[in-house]
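S.K.: Just dropping this structure here.
The values are calculated or read from the model by the stated rules, or taken from the named source; none is laboratory data. Note that the structure is a prediction, hence the values are computed from the model and not measured. Here the Cβ is made from the backbone with ideal geometry for all residues, glycine too, and neighbour counts use every protein chain on show.
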């Protein structure tokens, strides 16, 4: 380990790039290497880590996958209770799946229409977010979603987990992410279709449950809610994560379009010159 220099680490990363390894895979490999080296420093095996100021490949930021209102409604129509209520809550609060599956009844403030995100359902069971984490937050609930929650909670333990497996109408075990996707989510998405304005019957995009969270953020940004407010609603640690939705804002390109309109003169294409399918379509 003492023989490994910073240049060795950088050469290793560059070789991975040349070998056409994905940026995400390279970053995961580097993070593992870095953690090992930090542990070696802590154990006094080496004096300083070679994993410093390393140039890593940038990961391409994928645009968030979100559903339209019609697509979301089509999915809800294919879900049975209590999953219909669970998905409705996800669409209107942006909770992560683990936060939905770990929500306790006593975290819902029925009078104020709020819920408090504290617990999360993990592979190891229910855990609390650390107090310093931005993931622990207060989230407003629209009135019609609160009504649906109230109907779901009738006859249930108001202190227990809100969404669990259902056995003969009674609450059961904690939900498992993989089982819920396979047995509940994907069959509903596969069946869901919606009608276009022209009457065409369209299937719903094959997006995972996490897209309900993206959908919540996308709808809010399109309605003019600031990215700062969306960041706190979703519990994003970094503002950069929330910026993925910036292009959906109603005035996202207003400054650019306004600048073109304020120009003293504009470039034009003479009528009939360089006709293109797009130009012809606009003329029609």
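S.K.: Among the residues of segment 73-81, is there at least one that is over 19 Å from residue 142 (Cα atoms), surrounded by 15 or more Cβ atoms within 10 Å (Cβ to Cβ) and touching a strand residue (DSSP E or B) at 6+ places or on another chain (Cβ under 6 Å)?
M.R.: yes
S.K.: I'm trying to understand the selection: among the residues of segment 125-142, which are more than 17 Å from residue 94 (Cβ to Cβ) and at pLDDT 90 or above? Break it down stepwise before answering.
M.R.: In the first step, residues of segment 125-142 are kept if they are more than 17 Å from residue 94 (Cβ to Cβ); the result is 125-128, 130-132.
Residues satisfying the conditions are 125, 126, 127, 128.
S.K.: Only one of (1) within 20 Å of the chain's Cα centre (by Cα); (2) over 22 Å from residue 165 (Cβ atoms); (3) part of a loop (DSSP other than H, G, I, E, B) fails for residue 49. Which number is that?
M.R.: (1)
Per-residue answers, yes or no, for (1) closer than 18 Å to residue 97 by Cβ; (2) assigned to a helix (DSSP H, G or I); (3) without any contact (Cβ under 8 Å) to a residue 12 or more places away in the chain:
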residue: 157; (1), (2), (3): no, no, no
residue: 174; (1), (2), (3): yes, no, no
residue: 180; (1), (2), (3): yes, yes, no
residue: 184; (1), (2), (3): yes, yes, no
residue: 208; (1), (2), (3): yes, no, no
residue: 212; (1), (2), (3): yes, yes, no
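S.K.: Now, a different point. Among the residues of segment 121-132, which ones are surrounded by 14 or more Cβ atoms within 10 Å (Cβ to Cβ) and assigned to a loop (DSSP other than H, G, I, E, B)?
M.R.: If the condition is that a residue be surrounded by 14 or more Cβ atoms within 10 Å (Cβ to Cβ) and assigned to a loop (DSSP other than H, G, I, E, B), then 129 is the only one that fits.
S.K.: Is there any pair linking a residue in segment 248-271 that is over 30 Å from residue 216 (Cβ atoms) to one that is in a loop (DSSP other than H, G, I, E, B), with Cβ under 8 Å and at least six apart or on different chains, and which?
M.R.: Final answer for the pair search is 260/266.
S.K.: Filter segment 201-219 down to residues that are more than 26 Å from residue 177 (Cα to Cα) and in contact with a helix residue (DSSP H, G or I) (Cβ under 9 Å, 6 or more places away or on another chain), then give me how many there are.
M.R.: Narrowing segment 201-219 to residues more than 26 Å from residue 177 (Cα to Cα): 201-202.
Filter once more, so that each one left must be in contact with a helix residue (DSSP H, G or I) (Cβ under 9 Å, 6 or more places away or on another chain): 202.
Count: 1.
S.K.: Is there a residue being surrounded by 18 or more Cβ atoms within 10 Å (Cβ to Cβ) and assigned to a loop (DSSP other than H, G, I, E, B) anywhere in segment 186-196?
M.R.: yes
S.K.: Do we have residue 229 as over 10 Å from the mean Cα position of the chain (by Cα) and modelled with pLDDT under 90 here? Steps first, please.
M.R.: Numbers: over 10 Å from the mean Cα position of the chain (by Cα): yes; modelled with pLDDT under 90: no.
Here the answer is no, as residue 229 does not meet what is asked.
S.K.: Quick one: count up the residues across segment 11-46 that are assigned to a loop (DSSP other than H, G, I, E, B), surrounded by 14 or more Cβ atoms within 10 Å (Cβ to Cβ) and under 31 Å from the mean Cα position of the chain (by Cα).
M.R.: Filtering segment 11-46 down to residues assigned to a loop (DSSP other than H, G, I, E, B) leaves 19-22, 43-46.
From the residues that got through so far, the ones that are surrounded by 14 or more Cβ atoms within 10 Å (Cβ to Cβ) too are 21, 46.
Within this subset, residues satisfying the condition of being under 31 Å from the mean Cα position of the chain (by Cα) are 21.
The qualifying residues number 1.
S.K.: Scan segment 248-284 for residues that are surrounded by 10 or more Cβ atoms within 10 Å (Cβ to Cβ), over 30 Å from residue 66 (Cα atoms) and modelled with pLDDT of 75 or more and report the count.
M.R.: Residues that pass the stated criteria total 1.
S.K.: Filter segment 143-166 down to residues that are surrounded by 14 or more Cβ atoms within 10 Å (Cβ to Cβ) and within 17 Å of residue 90 (Cα to Cα), then give me how many there are.
M.R.: 10
S.K.: Could you tell me which numbered condition residue 240 fails, if it satisfies all but one of (1) modelled with pLDDT of 85 or more; (2) under 21 Å from residue 137 (Cβ atoms)?
M.R.: With (1) modelled with pLDDT of 85 or more; (2) under 21 Å from residue 137 (Cβ atoms) applied to residue 240, the lone miss is (1).
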